[in-house]
Each structure stands twice: as structure tokens, then as C-alpha cells.
Amino acid sequence: MTPVRTRPPSNRGWLLSLVLFSLLIAMSLFSMTHPVRQNDAKYADAKEVPVSAITRGYEQKMFSKIVVRDNKVFAETATGMILQSYKEAGDTVSELGWNDPENPTVVEVENREATNMLIAVLPDLLFLLLLVGGLIWLFRGIARSQSTAMSFGKSRARVADMRQVKTRFKDVAGVEEAKEDLEEVVDFLKNPKKYTSIGAKIPRGVLLVGAPGTGKTLLARAVAGEAGVPFFSIAGSEFVEMFVGVGASRVRDLFMKAKRNAPCIVFIDEIDAVGRQRGGAGFGGGHDEREQTLNQILTEMDGFEQDTNVIVMAATNRPDVLDRALLRPGRFDRRIFLDKPDLEARKKILEVHGVRKKMAKGVDYTPIAKKTVGLAGADLENIMNEAAIFAAKRKHKTIMQEDMDDAVEKVALGPEKKSRKLTEKEKKITAYHELGHAIVGHLCPESDALHKISIVSRGSALGVTWFLPSEDQYTTSKTKFLDEICGLLGGRAAEKLIFDEMTTGASNDIERASQIARSMAMRFGMGDDKLGPVAYGEKEGTMFLGVDPTMARNYSEETARTIDDFVRKTVEEQYQRALGILKKHREKLEELVVILLKQETMSVEEFKVVFEGKTAA
Ligand code: ADP
Ligand code: MG
Ligand code: ZN
């Protein structure tokens, strides 16, 4: 039934080795206690004489028998007296002159060689046998632990949710296109005949591609839920185990179970953990293991009968690293992309999660959705959860708008650190710094829209100037990059202008500004004429364990210098531009700082009132 061929450890094998072992011990004991033959007893009290005496006696025909045993010589007289002597190791019977054909004395050279040999090699033999026995025992042990690892693997290949999956399409919000594509899969699971009867090929594999938290797992479950079929799930990382071969065996087991429970869905999460391009530069171990596991997945998918009603769904956020063999027709040939949700989708996701919570009447999700550009479904769920926690802490009966507002800030900017007390001086510098960002950003036409300024510490930052990226931007212009750099340097520029001093508070800003400038030159071909529309640097190897591949330098020393020059020049220019802007608006800056220091946070509306001299709408 199971494909894992590990026999249960048999006791008979054990018994056999035990018997053999005791036999060996007995034998060796016997040979130790009985080293001499029985007739040796009479030689025991032999009289010792020089070997020449024996030779003389031989010549005089005194003996009836001479026994040569190794270097020992026993001579027996007719009367039964026994003499004993020693000869030189190399001396043969003829050399000693005991081979006279006329002489009736029997000269017996005992061939003790063989028995001797046996005794000599017996310990070695024993040792060898013990060694072999030990090795066998060891291997059996390993095999057993392997088999436990495998059966452990079997249980790990979760037969998740044999009971009905509760998730439905309505629980997944804002991914209408993906749902439409998957309707077909649901229909196939429900009415396979409809498709097979007219010869339509059934989709085998569906690859869900999307950033973390965009609802891939959720959607796969929803398909199972809609179709009312079991959902078998395993994560790619669970395949990679200590023993090579365990992953493959887990795959076999998983598919075996799936086939028995068809129609059903097999869901392989994080398939990139095993499905990376093979043969690339691999780091560390687990490489063979991955390859074996991947091959097993491919084999299983190819081995499906045409009418086997099992659909394999897999999820990844790195489609670029997947092995091409996975994407071939008949395998994961359907790809469904899940984008980060847009404004409308975010609103719907928030609503879906609001349904299960006690929301105050009339809460508006739109402002929350507007403030969460770039966040994924999982983040939005998190926001709703934080909102519920805020509400509970504040003893609200239902979740109110302010709870949601604070939750967004907490999730987007990190938790407030009220305990971190800044000195008055630090506070002042932070206020100027943040307002520097705000004013410069506000005045750079391509900069993201200013949203909020705060000098309450959050996470590792002393203060925050919060810009909201606009919705519909898929490309970035050079002007926008430059404006971004300018805005980032606004903080440092303000410090310089007001205090003629520099603080470490700007280190992150400077890092990011330099990075943008470098990317402009190296990735986007936005450098100066000397660099041209050329990409510099080459990704080396594949990503491993979330570490991005190192960039190999594929350009000359001179180009490197040109890039450095461009970065320095660009950042310096934008710094001067920021300084210029702040010099021009120094009065407003001073005015705003007073307000910010007093109330610690400032909304964009409050900012505009002062800055543009507008009255609040
Ligand atoms: P992924 O597998 O893509 O990393 P998940 O499916 O595990 O993301 O999503 C994590 C959680 O985020 C889900 O359990 C769900 O609560 C929430 N979520 C993500 N996307 C959506 C969505 N489109 N609609 C509703 N909830 C979502
Ligand atoms: Mg997931
Ligand atoms: Zn800053």
C-alpha cells in the first residue's frame, strides 16, 4: 500500500546473529583452553635434553618414534621414556640427519601448521566477524531510524482537512480575475465527465504566483471548499529533510493518498523551496535532496491517469527561480497571478475581515484602504486584528474608526515607543529633520503625497514623515527618482541649515538616497552620457534562503569609478537642491516646528494650513 519499502525489523535476524555470536565465543574459548592435543599429556613430563642428544639417540636407533612439532622435538624410547628438546627454527629433519632410510625410527613431523594458522587468525577472524556483525547492526539501526523519519514524513504530509474545507470564494476578496480562472478548476473537480467526454484535457497543475500574504493559500483552500473536495497540503520546505530521499518519499506518499481520495486538491506551498532551477550554483547541502524531490513531483504529475481527478496547486512568490521543467505543458501550465490589492480590492478585503468582527455602525473602510497602498491581504487582516485589540484596550463595545486609524499606523510604521524619552534638544532636531523631509517632499512635484508628520518614536525611528505612494504607478521616471532623493535628503539639509550640525538620525535616509542613485546608474540606464542605457552588474547564482544573489562585477574599473562619480554627483546635487528649498522656506519651517513640537503629530491638512497660508477647509 505505501510505497516506502522499509521492512519492520525482524527478530529472526537478531536471533541468528546472537546464535552465531555465541558460537564464535564458545569456539574461541574452546581453542584457548584446549590448545594441545590429547596425546600431549604424556609429553608433559618429558625430560629435556639438547637436540644433539636426540640426534645421537637416533643414530643409535634408541627411539621408536620422534615427533617434531614446531621447534619442539619429542623422542620416545621403546621403553616409553620421553625426551624433549628444541631445534633451531630453520632446521629441517634432513638437516638434523633424521632421514636415514635405513633407520627404523619413525620420524613424525606433525603438520600443526594448519591448526596453528587457525589459532593465529582466529582472533582476526573473530574481530572481522564482530566488525561485520557490528556494521550490519549499525546499518539496521540507520535503516530503522530512516524508516521512522519516513513514517514521520508520512504523518507530516498532512492529510490536511479531510473534513470539509470551510473557506469559500467569498472569503477571498478583490481577486476577481483569479477567481474566474479558478471557477473552471472547481467545475472540473465537480463534473469531470463534462470535460473528459468531449476529449478536453484536464488541467493538472495550477501555479499561484504572488507576493507573500496576497492570499495564495487562502485561494487554494477556497477552491477545495467550493468544490467540496479534500485539501492535501504540504510546504516545499517540509520536503527538505535531513535524509536524502525523505522528500521524494513524502511526495510519493502525498500523491498516493491524494489518488486514493480523488477528487481532491494537492497544495504545495512555497514550491520554490524544491523547484528551483537545477544545476545552478547551489549553496550548502540539501541540493540533491531538492532535485530528487522535484523529480518525484514531476514524475507523479506525469503519472496521473487522464481521468484521475487530482489537481495540484502550488504557490510561489518567486516564479523567476522555478525550474523550467515545472512550467511545461501538463505540469504547472496554468498560472494565476495575484497582485497586491488596489484601492477597491483593499476596501473589499477589509470588509471581508470586518464581517467577522464587531464593527461600529458607519465605519468607513475607504480612508483605511487609501492609507494602505502597497500592503497585501495579510497586512490588512493584521490591521483589522490590531484595530480589534485597540478597541478592546480602550473598552469600546465595537471597533471604531479611530481604532482602525491607529491600527494602520501601527502596522505601517511600527508600534509607538512612548517609553523612549527624547531630550528637548533631540526632540527639536527631530522636529526640524522631519519637517525638512515634509517641506522638501511637498515641494518636489513628483514626490509621493505627504500624509502625516510625527515626532513620536516608532520602531527604531525617532520620527516619521509619512508619504503615501499614489495608486496607479507601475513605472518610475527619472524625475521621480531625483525628487525622492531630494526628499530623503531634506532631513539632513534641515539639520545642516538650522544647527550647522549633522546627526546619525539621517543615516537611513542617506543610505536609501545613495541606493536610488546607484540603481539609476546600474539598473535603469539613467546614468550620465558616459554610462549610457546599459545595465551594469550581473546577478550571480540563484537566491538561497532569502539572501539575494550577489552582484558580480561585469564592468571595468573605470566604469566603476564613473558610476561612483555619478552617484556622488547626483546625491550632492539633490542635497543642494533640498538646502535651497529649505533656505527659501525657512520662516515656514520655523513656524511649523513650533506647532509640531507642541502637538507631536501633524496631519497634512494642518501642515498645509501653515505652509500654504490656507485656512482649514
Ligand atoms: P499567501 O499564501 O499568499 O502568503 P495567505 O493566503 O496565507 O497568503 O494569506 C494570509 C491571510 O491574509 C489569509 O489567511 C487571509 O486572512 C488574508 N488575506 C490575504 N489575501 C486576502 C484576500 N484577497 N481576501 C481576504 N483575505 C486575505
Ligand atoms: Mg501561503
Ligand atoms: Zn529622515
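The values are calculated or read from the model by the stated rules, or taken from the named source; none is laboratory data. Bear in mind the structure is a predicted one, so any value in this text is a computation, not a measurement. We place every Cβ from the backbone using ideal geometry, glycine too, and count neighbours over all the protein chains shown. To get the accessible areas, we keep the full protein, side chains included, count just its heavy atoms, and leave off ligands, DNA and RNA. Shrake-Rupley method; radii C 1.70, N 1.55, O 1.52, S 1.80 Å.
Ile455 satisfies every condition listed in (1) over 21 Å from Ala506 (Cβ atoms); (2) within 15 Å of ligand 3 (Cβ to nearest atom) except (1).
Exactly one residue out of Arg158, Arg144, Arg140 is in contact with a strand residue (DSSP E or B) (Cβ under 7 Å, 6 or more places away or on another chain), open to solvent by 70 Å² or more (accessible area, probe 1.4 Å) and modelled with pLDDT under 85, and it is Arg158. Residue under question is Met313, and the condition is that it be open to solvent by less than 50 Å² (accessible area, probe 1.4 Å) and either outside any helix (DSSP H, G or I) or under 30 Å from Gly199 (Cβ atoms) (or both); does it hold? So Met313 passes the test. For the stretch 206-222, a tally of residues being touching a strand residue (DSSP E or B) at 6+ places or on another chain (Cβ under 7 Å) and within 14 Å of ligand 2 (Cβ to nearest atom) returns 11. Restricting attention to the stretch 223-237, the residues that are at pLDDT below 85 and surrounded by fewer than 20 Cβ atoms within 10 Å (Cβ to Cβ) add up to 2.
Against the condition more than 14 Å from ligand 1 (Cβ to nearest atom) and among the aromatic types (Phe, Trp, Tyr), how does Phe188 come out, does it pass? Judged against the criteria, Phe188 is a match. Each residue in the stretch 195-224 was checked for being assigned to a helix (DSSP H, G or I), under 18 Å from Glu305 (Cβ atoms) and of a type outside the set (S, T, N, Q), and 1 pass.
Cβ-Cβ distances below 7 Å connect the following pairs, each with a first residue in the stretch 213-229 that is touching a residue at least 60 places away in the same chain (Cβ under 8 Å), a second residue that is within 14 Å of ligand 2 (Cβ to nearest atom) and open to solvent by 30 Å² or more (accessible area, probe 1.4 Å), and a separation of six or more residues or different chains: Gly213/Ala378; Gly213/Asp379; Thr217/Asp269.
Among residues of the stretch 103-121 that are surrounded by 13 or more Cβ atoms within 10 Å (Cβ to Cβ), those with a beta-carbon under 6 Å from a residue that is modelled with pLDDT under 65 and not in a loop (DSSP other than H, G, I, E, B) at least six positions away or on a different chain give the pairs Ile119/Ser31. In this structure, is Thr293 within 16 Å of ligand 2 (Cβ to nearest atom) and open to solvent by less than 70 Å² (accessible area, probe 1.4 Å)? No: the conditions fail for Thr293. Within the stretch 413-430, residues that are under 23 Å from Glu590 (Cα atoms) sit with their Cβ atoms under 6 Å from residues that are among the small types (Gly, Ala, Ser), at 6+ positions apart or across chains, in these pairs: Thr430/Gly463. Taken together, Glu48, Glu95, Glu110, Glu88 contain a single residue that is modelled with pLDDT of 80 or more and charged (D, E, K, R), which is Glu48. Yes or no: His442 under 39 Å from the mean Cα position of the chain (by Cα) and either more than 11 Å from ligand 3 (Cβ to nearest atom) or basic (Lys, Arg) (or both)? Against the criterion (under 39 Å from the mean Cα position of the chain (by Cα) and either more than 11 Å from ligand 3 (Cβ to nearest atom) or basic (Lys, Arg) (or both)), His442 does not qualify.
All of Phe232, Phe169, Phe188 fail the test of being of a type in the set (Phe, Trp, Tyr), in contact with a Pro (Cβ under 9 Å, 6 or more places away or on another chain) and away from ligand 2 (no atom under 14 Å from the Cβ), apart from Phe188.
Yes or no, residue by residue, for (1) at pLDDT 90 or above; (2) more than 34 Å from the chain's Cα centre (by Cα); (3) assigned by TED's automatic domain parsing to the domain that holds Ser477; (4) among the polar types (S, T, N, Q):
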| site | (1), (2), (3), (4) |
| --- | --- |
| Ile510 | yes, no, yes, no |
| Met520 | yes, no, yes, no |
| Pro533 | no, yes, yes, no |
| Glu572 | yes, yes, yes, no |
| Lys588 | yes, yes, yes, no |
| Glu605 | yes, yes, yes, no |
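Filtering the stretch 357-396 to residues that are charged (D, E, K, R), open to solvent by 60 Å² or more (accessible area, probe 1.4 Å) and assigned to a helix (DSSP H, G or I) leaves Lys370, Glu381, Lys393.
Have a look at Leu350, Leu343, Leu326 and point out the one that is farther than 18 Å from Leu182 by Cβ, open to solvent by less than 70 Å² (accessible area, probe 1.4 Å) and away from ligand 1 (no atom under 16 Å from the Cβ). Steps first, please.
Working: Leu350 fails: away from ligand 1 (no atom under 16 Å from the Cβ); Leu343 fails: away from ligand 1 (no atom under 16 Å from the Cβ).
Just one listed residue meets the conditions, Leu326.
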